[in-house]
1. Output the number of the condition that residue 68 fails; it satisfies all remaining conditions of (1) more than 20 Å from residue 56 (Cβ to Cβ); (2) at pLDDT below 95.
2. Go through 53, 47 for me and flag whichever is under 19 Å from residue 146 (Cβ atoms) and either more than 13 Å from the ligand (Cβ to nearest atom) or under 18 Å from the mean Cα position of the chain (by Cα) (or both).
3. Quick one: residue 100 ticks every box in (1) within 11 Å of the ligand (Cβ to nearest atom); (2) free of Cβ contacts under 8 Å to residues at least 24 places away in the same chain bar one, so which box is it?
4. Pairs please, first residue from segment 14-30 and free of Cβ contacts under 8 Å to residues at least 60 places away in the same chain, second anywhere and more than 9 Å from the ligand (Cβ to nearest atom) and in a loop (DSSP other than H, G, I, E, B), Cβ atoms under 6 Å, 6+ apart in sequence or on different chains.
5. Residues of segment 154-178 being assigned to a loop (DSSP other than H, G, I, E, B), out of contact with any strand residue (DSSP E or B) (no Cβ under 7 Å at 6 or more places or on another chain) and farther than 27 Å from residue 203 by Cα, which ones?
6. Give the residue that is surrounded by the fewest Cβ atoms within 10 Å (Cβ to Cβ), with candidates limited to residues of segment 205-229 that are outside any helix (DSSP H, G or I) and on the phi < 0 side of the Ramachandran plot.
7. Given segment 32-140, what helices (runs of 4 or more DSSP H) lie entirely inside it while holding 2 or more residues that are in contact with a helix residue (DSSP H, G or I) (Cβ under 6 Å, 6 or more places away or on another chain) and surrounded by 14 or more Cβ atoms within 10 Å (Cβ to Cβ)?
8. With the requirement that a residue be farther than 15 Å from residue 216 by Cβ and either outside any loop (DSSP other than H, G, I, E, B) or modelled with pLDDT under 95 (or both), what does segment 251-266 give you?
Ligand code: PAF
């Protein structure tokens, strides 16, 4: 396995005769990331994992400096997953100066997670576009936990004509149901127990959706989350049932693919999760 910055990546990429898959990460790798790398390995000849904590996607009051950076442990995870090249550029290499040309994430990037974290998705799409340009991958693998990010990367690929197959991997959960996230490290044991209201709310929504109608689905999740908020376990940031393609709220007679999005703060830690649901009008 090679590890390097931009120059080493370019030299390595030139030598590749087969296909390449990219797994973009900010490090602090866990089994969820490992699943992404396994998927990349299965689909292409060579795998590049990028490890770069991208300042553009953090607001000044967010956890950029505090974000976990266990670099050696991350390299061990990559090695075990059979990664061929770990792209770990220095900050000054990726952004020699504050960029003037950036990617705008538009309306879809300004709602829900984008409203809670203004500018976040512009920063994500800017760095993802740079990673695509640098690694020239045939495919890229992203987790579906960050579903709004995934949908925006899908638009990035279409709107800016990247010739890349986008692969989404279902949310990987711990045994207790909590979606795996590098930020789970920040949760004290009591916070972690409190955070389980999120997967419970998603389960309640999925049960309510089993008749094929969106009626009552958001309310089912809201009941669970409100109870947790009243106990002081979490602060709900947003809860929304949206059309999976447009990210616009689902009407009561909506038919098609939808997403129930949840974001909550638990003990100061920002958590997100979602469940995909399918509706048909006749219910
Ligand atoms: O999902 C992440 O870890 C980051 O947003 C990404 C895609 C690596 C861009 O910095």
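1. (1)
2. One residue alone meets the criteria, 53.
3. (1)
4. Matching pairs, first to second residue: 18/45.
5. 160, 161, 162, 163
6. Restricting to residues being outside any helix (DSSP H, G or I) and on the phi < 0 side of the Ramachandran plot, the top hit is 215.
7. Counting at least 2 such residues, we get 113-116, 120-135.
8. Matches in segment 251-266: 256, 257, 259, 261, 262, 263, 264, 265, 266.
The values are calculated or read from the model by the stated rules, or taken from the named source; none is laboratory data. All of these numbers come straight from a predicted model, not from anything done at the bench. In this analysis, Cβ positions are derived from the backbone assuming ideal geometry, glycine residues included, and neighbour counts consider all displayed protein chains.
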